[in-house]
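Novice: Before we start, here is the structure in question, set down as structure tokens.
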Amino acid sequence: SDSETSLKNIRTGFSDDFGAEFQTRWELFNILGLERPDGFDGTLRLDYFSKRGPAIGANLDYETDDSFGLFRGYFINDTGKDNLGGRFRNLEPDSETRGRFTVRHREYLPDDWQLSFELSYVSDRNFLEEYYEQEFDKGKEQETVLFLKKQRDNWAFTAQLQYRILDFLTQTERLPELAFRLIGEPVGDFGTFFSENRAGVVRFRPAENENFLRRLVRASITDGQLGFGRPDESGSVMRADSRQELEVPFSIGDWRIVPFASIRGTAWDDSPVDGGIQRVLGTYGVRASHYMWKVYPDVRSELLDISGIRHIIKTDIVAWGADGNVNPVELHPFDETVEGVGDTDGVSIGVRQRFQTKRGALGRQRTVDVLTFDVEAGFFNDDHRRNQVTGNEFTNGFVSYTRPENSIAQNYINTALLYRINDSTSLASEMNYDLNDGQVDVFSLTYAVERSPRLSYLVGYRYIGEIDSNLLGLGLNYRMNEKYTLAAREQFDLEEGRTAEFDVGIIRKFPRWYVGVTFALDQVEDDFGVSISAWPEGLPSATLGNRRFTGLATSTGIRPGY
């Protein structure tokens, strides 16, 4: 129902970067004196930061029977400096007038057509990271694009027009590009046909400032490492690409065997080396998969909470070869899945295991995956593939089961484990072992406990060699009594020997209301903040202030990212 008041939310707090913070959210249509249309939700933002200045913005989300979309806009008269952590502190913006706007719209048209449009503007390279950090880290790239698609059954035709307006982003322009795709077309009773075709004018435009690479990895990359093999901007290049694949599946016993072969022809009217160039790439191989299972009804343990075991094993194998007449380094890096493919042979073997049991009281037992353990190994004859944009070698190998020529050719062993010790305790781990370097590139281990309804905690360790990230994470939610709940989060940087981030929140329950105070320390960006929030019982969406710990009103469970 429509809100009876114009004010939706108030948030106050303090941080070293922004000073005293006063942020408000208002019903946009009420402020404008307009009746809110069905399917529309609008918010006006009026903010003030004592160290930065006043700001105004608007959010609009809408959905109708034949369209949906959004608008995000925010502008500030910024008299402060950005603090992005590491070597990027006290960065003075080029202009005090800073902001962004993004428009995204999709329209469903007659006869199975749909039109998508996006327009994005950001005043400078650091604005999103400073003011919209979560969107910067995890959100969709800021693009300006017009996309038309007609999709029916198993085929689709697309037309894409894309232009880069933000010179601090690396993007490929399409001026325009047309494509046609056909997926899973039967060939008689014996085969399946796939077709992918594109043609158009493309232009590669790297970021004008090389700092964008540092922003991507959030690490202290040396100037010598930066820009190794970094390609220059291309002119407008006419490109045509066609890939045709045939699969011939059959079964041998319990094994499903799928031989496949594809032929790809691509032509460019310009290249960094020899002007116009043509490439023919052939890929051939076989995929195989197998299921097997066995039940052990006599395996029982009260200590391990096991009442019978069902063991399921799925094996996946793919082996392939790809041969072409052009090395990817001879091409502009328009698309990693087009220009980035080349000669490679490889094989991947994956064994995915699941151990199931029954848990719960008699008469209410349910099937539970008590243990899942996956192991995958990839081996390549050419194990040195570089990212076409950065020039750096890929650290973690990867095999694309459906498009093996798109794999990252780095020999590896990857494991993933999840052990549900009981209904309230679990252990999870992932690892990637680089066989070329003979070392672990990625490793994580998490122990989580939920002693509902009063206590939940977790201890986690994460190592990512590519960005020298070596973190110990701790999380705690504890309901001390009927009135008070405590929440704490810490990330400890083992490489630096110090706390990277530490948050603590205290939730106080009043009759029909909750009030929370959160203290946040971020030593990566050298920032400290305090925020206050309040929300009515049963309605956390109406929170005044920070919503981070509002879920503690109903559960002490620790949600991912919180």
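Read-outs: derived from the displayed coordinates by stated rules, not from any lab. Remember, it's a predicted structure, so these values are computed and weren't measured experimentally. Glycine gets a Cβ as well: all are built from the backbone with ideal geometry, and neighbour counts include every protein chain shown.
Novice: At a 10 Å Cβ-Cβ cut-off, how would you order ARG300, ARG512, ARG548, fewest neighbours first?
Specialist: Taking fewest neighbouring Cβ atoms as first place, the list is ARG512, ARG300, ARG548.
Novice: Ranking request for peptides 105-112, 145-152, 200-207: highest mean number of other beta-carbon atoms within 10 Å first, then the rest in descending order.
Specialist: Ranking the peptides 105-112, 145-152, 200-207 by packing returns 200-207, 145-152, 105-112.
Novice: As a test of the formula, what do you get for the chain when each DSSP H run with n ≥ 4 contributes -39,500 (n - 2.57) and the sum is divided by the residue count, at 222 nm and rounded to the nearest 500 deg cm²/dmol?
Specialist: -1000 deg cm²/dmol
Novice: In addition: At R0 = 25 Å, how high is the FRET efficiency between GLU208 and SER116 if r is their beta carbon distance? Nearest 0.05 is fine.
Specialist: Computed FRET efficiency for GLU208 and SER116 comes out at 0.35.
Novice: Let me ask another. Between SER67 and ASN481, take the C-beta separation as r, use R0 = 45 Å, and let me know the FRET efficiency to the nearest 0.05.
Specialist: For SER67 and ASN481, the calculated efficiency is 0.35.
Novice: Something else about it: State to the nearest 20 debye the size of the charge dipole of the chain about its Cα centre, where the only charges are +1 on K and R beta carbons and -1 on D and E beta carbons.
Specialist: Here the size comes out at about 2340 debye.
Novice: Still on this structure: According to a simple spin-label model (label point 7 Å from Cα along Cα-to-Cβ), what is the distance in nm between LEU417 and VAL504?
Specialist: The modelled label-to-label distance comes out at 3.4 nm.
Novice: Going by C-beta contacts inside 10 Å, put ARG174, ARG181, ARG164 in order with the fewest on the left.
Specialist: Fewest-to-most ranking of ARG174, ARG181, ARG164: ARG181, ARG164, ARG174.
Novice: Using only Cα atoms, locate the centre of segment 326-347 and the centre of segment 488-553, then give the distance between them in Å, rounded to an integer.
Specialist: Measuring centre to centre over Cα atoms gives 46 Å.
Novice: Can I ask one more? Give the separation of the Cα centroids, segment 89-108 to segment 1-64, in Å.
Specialist: Between the Cα centres of segment 89-108 and segment 1-64 lies a distance of 17 Å.
Novice: Normalised radius of gyration for the chain, please: alpha carbon Rg relative to 2.2 N^0.38 Å, two decimal places.
Specialist: 1.12
Novice: Can you report the principal axis dimensions of segment 245-321 using only the alpha carbons, biggest first, rounded to whole angstrom?
Specialist: 72, 31, 13
Novice: Using a cut-off of under 14 Å, list every residue of segment 308-333 whose amide N is near the label point 7 Å from the Cα of THR367 along the Cα-to-beta-carbon line.
Specialist: Hits in segment 308-333 for THR367 at 14 Å: 308-313.
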